[in-house]
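Read through the structure below, which is laid out as structure tokens, and then see the notes.
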Amino acid sequence: MKDEHRNIDIVIPWVDGSDPIWQQEFQKYHALTTGRDDNSEIRYRDWNNLQYLFRGIEKFAPWVRKVHFITTGQKPKWLNLEAEKLNFVRHEDFIPREFLPTFSVRPIELNLHRIEGLSEQFIYFNDDYFLLRPVSPERFFHHGLPCDMAVLDTLPMGGSRGHMLLNDMNAVSSHFHKKTVLRDHLWKLLNPKYGKQLPRSIALMPFSEFPGFRNHHLPQAFLKSTFQEVWEAEESLLREVSSHRFRDISDVNQYMFRFWQFMSGKFHPANIAKGTCRFTLSDREADRLTEAIRTQKREILVMADSENFSDFDALVAKINAAFDTILPEKSSFEI
């Protein structure tokens, strides 16, 4: 393995929304909110398939140095805390205590650089990402830079997501001048590797400012130093968002750091959507989803939660049975 790829970590936040103690704390603090937050139950639902994420990392990405698993202190019953590559991280281990407890992923995302022992190069995973085939470190980092695609896009209008992305973009844009970014990094913004998405950037390039960037719900490569730079530049904003116990329309999130990497040129152009598949959990998609798992035609699977199914337990069993056909053996992360 190349020296540049010896120290790549994965970070995974997780919560067990079925935990009665967690639910009690959630309701206690949620009763005090102003009602502007977006806290659907499905954001905290556990599909009981996290073990397959860990199995996939061990089998298909053995080059990963450490997996930093973030929880409130909750531990899946099968998790092996003595696993060599596991760093079990509680919120209080890295998030300043003044921001705790938190029931939003935003304070977690904004403070990742504070995790003790976190590598300069790391990949941010959600618990709905799964590896189905071997992936190389070059998929995520090239010569020490995160692989990403800086495709211009218009921002969605309205809703909490639209507000958040606008907040991300406004905060980052205040520190960069478009002409300077284009002068220094034009080939990274208009790169042929973006394929069919490149015309989108070309069409939006004449705007006086960057309108926004297209986002992908996929594992995201970051530099820890990017987080440190953004905190130095926008400490007041990041502290304010970190103080929100629940999601709020004034929030920024991890995309702020991604946009900063784009503007500063600290990324390597790549088609990160290649070799991925995404499904919304539903009765209609169940057969296609399980077939995608069993056939392993793509490297990365993303499963978006929803309410479009008739029997939660039956769908969970069907999906996990498919995972078990390709990842039947326990990993070192399991007892």
Quiz item: Per the Kirkwood formula on distinct C-alpha pairs, the Rh of the stretch 3-326 is how many angstrom?
Solution: 20.7
Practice problem: Could you work out how far the C-alpha centroid of the stretch 73-97 sits from that of the stretch 260-335, in angstrom? | Solution: 23
Quiz item: Stokes-Einstein D for the stretch 65-203 at 10 °C, 1.306 mPa s, Kirkwood Rh over Cα pairs, in µm²/s?
Solution: 86
Quiz item: Considering only Phe103, Ser119, Pro137, whose Cα is most displaced toward the positive end of the charge dipole of the stretch 3-326, charges sitting on Cβ of Lys, Arg (+1) and Asp, Glu (-1)?
Solution: Pro137
Quiz item: Which of Phe69, Leu198, Gly275 sits closest to the plus end of the dipole of the chain, meaning its Cα is farthest towards the positive end, when Lys and Arg get +1 and Asp and Glu get -1 on the C-beta?
Solution: Leu198
Quiz item: Quick one: which of Lys188/Lys224; Lys224/Lys274; Lys28/Lys224 span more than 31 angstrom between C-alpha atoms?
Solution: Lys28/Lys224
Quiz item: Can you give the charge dipole size of the stretch 3-326 about its Cα centre, rounded to the nearest 20 debye, using +1 on the beta carbon of Lys and Arg and -1 on the beta carbon of Asp and Glu?
Solution: 1060
Quiz item: What ranking do Phe130, Phe141, Phe99 get, fewest neighbouring Cβ atoms within 10 angstrom at the top?
Solution: Phe99, Phe130, Phe141
Quiz item: Of the residues Lys179, Lys188, Lys85, which exhibits the maximal mean-square fluctuation in a Gaussian network model of the chain defined by a 10 Å Cα contact cut-off?
Solution: Lys179
Quiz item: For the stretch 294-335, what is the convex hull volume of its Cα atoms per residue in Å³?
Solution: 118
Quiz item: Counting each DSSP H run of 4 or more residues in the chain as -39500 (n - 2.57), what helix-only mean residue ellipticity at 222 nm follows after dividing by all residues, to the nearest 500 deg cm²/dmol?
Solution: -10500 deg cm²/dmol
Quiz item: What does the convex hull of the Cα atoms of the stretch 174-259 come to per residue, in Å³, rounded to a whole number?
Solution: 140
Exercise. Kindly provide the Kirkwood hydrodynamic radius of the stretch 116-197 in Å, to one decimal, from all pairs of distinct alpha carbon atoms.
Key: 16.1
Practice problem: Beta carbons within 10 angstrom, averaged per residue: use that to sort the peptides 22-33, 273-284, highest first. | Solution: 273-284, 22-33
Quiz item: Mind checking which of Pro20, Pro137, Pro156 has the largest fluctuation in a GNM of the chain, springs on alpha carbons under 10 Å?
Solution: Pro20
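Taken together, the values in this text are just the output of simple stated rules run on the coordinates, not laboratory data. Keep in mind it's a predicted model, so treat the numbers as computed, not measured. Methodologically, a virtual Cβ is constructed for each residue, glycine included, from the backbone with ideal geometry; neighbour enumeration extends over all protein chains shown.
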